[in-house]
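Take a look at the structure set out below.
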Amino acid sequence: FNPSRTTTDLNGDVWVGNRAEYSGGQGSVVKITADPAGTSTSSGVWNGSTFDRLAWSNAGGADSGGGTSTAVDTAITQYVRTSGISVRAVAVDANNNVWVGGGPLGPTNYVHQLYDTNGTPVPGAGNTFDINRGGYGALVDSSGVLWSAGLYTNTLVRHNPATGVTTPVN
C-alpha cells in the first residue's frame, strides 16, 4: 500500500500510514510493535539488497477490512482501516492514541480521526474533523493540539480536540 509517514508511540511501537490505500473509500495504518511476541518476526535489517520480511498473505481477503490474522510476522499487531484515505498524517498524543489523517494523494479525503492503541476510533466530539486541508504530515504539541501540514494549499491546520475547534493557518 506504499507506506509513507511514520510515528513512534510511547511504547516504542511504530505506526505507518499507507499513502496509496483508498480501496473501498478507506485508508489504512499499520502498527508494528517494538516488542513482538514469539519467534515469527522479521529482524528489520536491510543488508543493501534484501529486507528480512515475512509473508502477509491476506488469504481469502481475511484482513481486507482490518486485522492481521494472516500476517506471519508477529511484530505486525494492527492493520486498521481508516476514515481518511491516502494517509500521510500520523501523530501520537500524550494518551498514546494516534491521529490519522487522509492526505492529498490519490482521491482527496482529508478526514483526520483519533484511534486508540488497538486501532478503534476514540469517541468524542473533538476526535474527528475534515476541513479539506492538511493531511501531509502531523504532530501533536505539548498542549495536545494537533497540527497537520498541507501540501498543495500551503497551510497548516490547527485542531484542538479539547474544544473541537479546527482552524486553518494560512
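Can you run down the residue pairs with Cβ atoms below 7 Å, 6 or more apart or on separate chains, where the first is in the range 139-154 and in contact (Cβ under 8 Å) with a residue 40 or more places away in the chain and closer than 18 Å to VAL100 by Cα and the partner is of a type in the set (Phe, Trp, Tyr) and part of a strand (DSSP E or B)? Listed pairs, sorted by first residue: LEU139/TRP147; VAL140/TRP99; LEU146/TRP99. Scan the range 125-170 for residues that are open to solvent by less than 60 Å² (accessible area, probe 1.4 Å), β-branched (Val, Ile, Thr), under 22 Å from TRP15 (Cα atoms) and assigned to a strand (DSSP E or B) and the total you get is 2.
Residues in the range 130-150 that are at pLDDT 95 or above and touching a strand residue (DSSP E or B) at 6+ places or on another chain (Cβ under 6 Å): ALA138, LEU139, VAL140, VAL145, LEU146, TRP147, SER148.
What do you reckon, is ARG158 modelled with pLDDT under 95, in contact with a strand residue (DSSP E or B) (Cβ under 7 Å, 6 or more places away or on another chain) and charged (D, E, K, R)? So ARG158 fails the test.
Conditions tested, residue by residue: (1) of a type in the set (D, E, K, R); (2) more than 20 Å from the chain's Cα centre (by Cα); (3) open to solvent by 70 Å² or more (accessible area, probe 1.4 Å).
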residue: GLY25; (1), (2), (3): no, no, no
residue: ALA37; (1), (2), (3): no, yes, yes
residue: SER40; (1), (2), (3): no, yes, no
residue: ASP52; (1), (2), (3): yes, yes, no
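Restricting attention to the range 1-60, the residues that are part of a loop (DSSP other than H, G, I, E, B) and of a type outside the set (Lys, Arg) add up to 33.
The values are calculated or read from the model by the stated rules, or taken from the named source; none is laboratory data. Note that the structure is predicted; figures quoted are calculated from it, not measured. Cβ atoms come from the backbone with ideal geometry, glycine included; neighbour counts cover every protein chain shown. Note: areas computed on protein heavy atoms with side chains; ligands, DNA, RNA excluded. Shrake-Rupley method; radii C 1.70, N 1.55, O 1.52, S 1.80 Å.
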